[in-house]
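Asker: Mind having a look at this structure? Questions to follow.
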Amino acid sequence: MDKYLNEIKSYLEVLDRSIVDKEINNIKNVIEQHMNNGKKFEDLNLVSAKDQAVEILKSYNINSEIILRKENFFKRKASELGSAFNHLMDIMSKNDLKANLKIILDIIVLLVFISLVKIPFIAIRNIGESLLQNINFPLAYNIWGFVIEVVYIIVAVMIFINVFPKWFKKLKPSNNSNKIKKEVVVENKKIGNDLESISLTNNNNNK
């Protein structure tokens, strides 16, 4: 809950501190009221922190689009990446080995794709180095190579933080894992009935 409230607060920096505290306390009270009725925070049908912040900003006649455009890009991407990673770990904990191997294969494919993206950068670096041969400045080679490497790393990171959440955030537990759970439930139920039958038989014999 604290993470959810802090995320809402981060969108409301344009408002006065007293107003932000008031709105956050109102939301917190509503959530705690539902939780006191026996519900878990994860089970509450809450709108996203961003959507909640938009509604609050609208109530104060503030153009939320202008405010939300100014949000920290890397902070938002890091949040999306962390959320996708946690979701992936949760799914893999519920999947069987076969389903998890497929996910691992998908991750490898993504990493291989990012590695292949370097090929054009290598070509550009080689072209630049060939042009620098006519310049009597050996350090230029190192500077040029360093710049190309930095640009590639930035591009690779941007690809990863944009593709990874979209690729893995929508994953669902495999049907095989659900089937195994159902079989276990049915088996336990069957064993329970057998025990009940034995118990009833013993009682009849005692009588």
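Each reported figure results from applying straightforward, stated rules to the coordinates on display, with no laboratory input. Predicted model only: the values in this text are computed from it and were never measured. Using ideal geometry, Cβ is built from the backbone for each residue, glycine included, and neighbour counts are taken over all protein chains shown.
Asker: If Lys and Arg each add +1 and Asp and Glu each add -1, what is the summed charge of the other residues whose beta carbon sits under 14 Å from the beta carbon of Y4?
Answerer: -2
Asker: OK, next. My understanding is that a pair violates if its Cα-Cα distance is over 25 Å; which of K22/K166; K98/K166; K28/K169; K98/K172 do that in this structure?
Answerer: The answer is K22/K166; K28/K169.
Asker: Once the other residues with Cβ under 12 Å from the Cβ of L171 are scored (Lys, Arg +1; Asp, Glu -1), what is the net sum?
Answerer: +4
Asker: For region 72-178, what does the equivalent ellipsoid look like in terms of its semi-axes, each the square root of 5 times an eigenvalue of the Cα gyration tensor, given largest first in whole Å?
Answerer: 40, 16, 8
Asker: A further question follows. What net charge is computed for the residues neighbouring N25, neighbours being all others with C-beta under 12 Å from the C-beta of N25, Lys and Arg scored +1, Asp and Glu -1?
Answerer: The answer is 0.
Asker: Right, another one. With a ≥ b ≥ c the root eigenvalues of the C-alpha gyration tensor of region 1-117, is it rounded (a/c under 1.5), prolate (a/b larger than b/c) or oblate?
Answerer: Judged from the Cα gyration tensor, region 1-117 comes out oblate (a/c at least 1.5, b/c at or above a/b).
Asker: So if each residue of separation counts as 0.36 nm, and I subtract the Cα-Cα distance between S130 and F113, what length gain in nm does that give?
Answerer: Between S130 and F113, full extension yields 3.4 nm more.
Asker: In nm, what is the difference between 0.36 nm times the number of residues separating F160 and F121 and their Cα-Cα distance?
Answerer: 12.3 nm
Asker: So, one more: Using +1 on the beta carbon of Lys and Arg, -1 on that of Asp and Glu, and nothing else charged, what's the dipole of region 72-178 about the Cα centre, debye to 20?
Answerer: Charge dipole, region 72-178, about its Cα centre: 460 debye, nearest 20.
Asker: Over 22 Å between Cα atoms: which of K40/K75; K9/K75; K50/K170 fall into that group?
Answerer: Listed pairs above 22 Å: K40/K75.
Asker: Taking 0.36 nm per residue of separation and subtracting the Cα-Cα distance, what length does fully extending N6 through K98 add?
Answerer: Roughly 29.3 nm would be gained on extension.
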